[in-house]
Amino acid sequence: RAMIPLIGMTQAGAGRLFTEEGMPTGGPGWEEIEFPDLGEERAFALEVQGDSMTPLYRDGDVLIVSPTAGLRKGDRVVVRLGSGEVLAKELRRRTARTIELASLNPDHEDRTVNVGDIAWMARVMWVRQ
């Protein structure tokens with residue numbers, strides 16, 4: 001078992017909490033939770049806040065995500081844009097210039113994002129509900 005960093009999804013949009021590779025910087029604002037060792041994958045935890053990801057993820061759910069895990073079509077991902085916006089979506093399509101993301105909530109639109117606008121993208125490895 002290992003201790004991994006935990007932060008709220010809303011706070012994840014704030015500056016200076018992540019490295020350029022999408023890993024937590026630690027320090028103020030971060031808590032820790034115990035989680036089984038993921039081997040070579042580097043991971044952190046995000047707590048869902050609000051209802052923008054229902055019905056799949058609800059307020060208080062904890063997403064274990066890894067920015068080092070490989071990504072495939074259909075994976076659930078968390079994406080932080082350079083603007084600070086944090087999205088939890090399904091990876092629909094990836095090209096050299098854009099990422100197409102399908103919304104997990106029917107009330108929210110799908111998004112197409114320019115690769116240059118992405119600060120980091122991490123695959124959802126596990127969910128604690």
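Of all beta bridges that DSSP places with both ends in the range 1-125, some 90 percent have antiparallel geometry.
Fully extending the segment from ASP51 to GLU21, taken as 0.36 nm per residue of separation minus the present Cα-Cα distance, adds 8.0 nm. Looking at the chain, the accessible area is 57 square angstrom per residue; that uses a 1.4 Å probe and ignores ligands, DNA and RNA.
Okay, which of the range 54-92 sit inside 14 Å, backbone N to the point 7 Å along the Cα-Cβ direction of ILE33? Counting only backbone N, you get 57-66. Rounded, prolate or oblate for the range 34-108? Axes are the square roots of the Cα gyration tensor eigenvalues, ordered a ≥ b ≥ c, and the cut-off for rounded is a/c under 1.5. Taking the square roots of the gyration eigenvalues as a ≥ b ≥ c, the range 34-108 is oblate. Accessible area ranking (1.4 Å probe, heavy atoms, ligands and nucleic acids excluded), largest first, for ASP59, ASP75, ASP110: ASP59, ASP110, ASP75. Normalising by residue count, the chain has a Cα convex hull of 102 Å³ per residue. Taken one residue at a time, the phi angles of the range 14-31 give Karplus couplings (6.51, -1.76, 1.60, θ = phi - 60°) of 6, x, 6, 9, 9, 7, 5, 7, x, 9, x, 7, x, x, x, x, 9, 10 Hz. Gly and Pro are set to x.
Could you work out the relative contact order of the chain? I mean the mean sequence separation of Cα pairs under 8 Å and 6+ apart, divided by the number of residues, in percent. After rounding, I find 25 percent. Counting Cα-Cα pairs of the range 25-66 in 5 Å increments starting at 0 gives whole-percent bin shares of 5, 18, 25, 23, 17, 10, 2. What number comes out for the charge environment of GLU20, summing +1 per Lys or Arg and -1 per Asp or Glu over other residues with Cβ under 15 Å away? Result for the neighbourhood of GLU20: +1.
The values are calculated or read from the model by the stated rules, or taken from the named source; none is laboratory data. Since the structure is predicted, the reported quantities are computational estimates derived from the model, not experimental observations. Cβ coordinates were reconstructed from backbone atoms using ideal geometry, including for glycine residues, and neighbour counts include every protein chain displayed. Areas reflect the complete protein model, heavy atoms only, side chains present, ligands, DNA and RNA absent. Shrake-Rupley method; radii C 1.70, N 1.55, O 1.52, S 1.80 Å.
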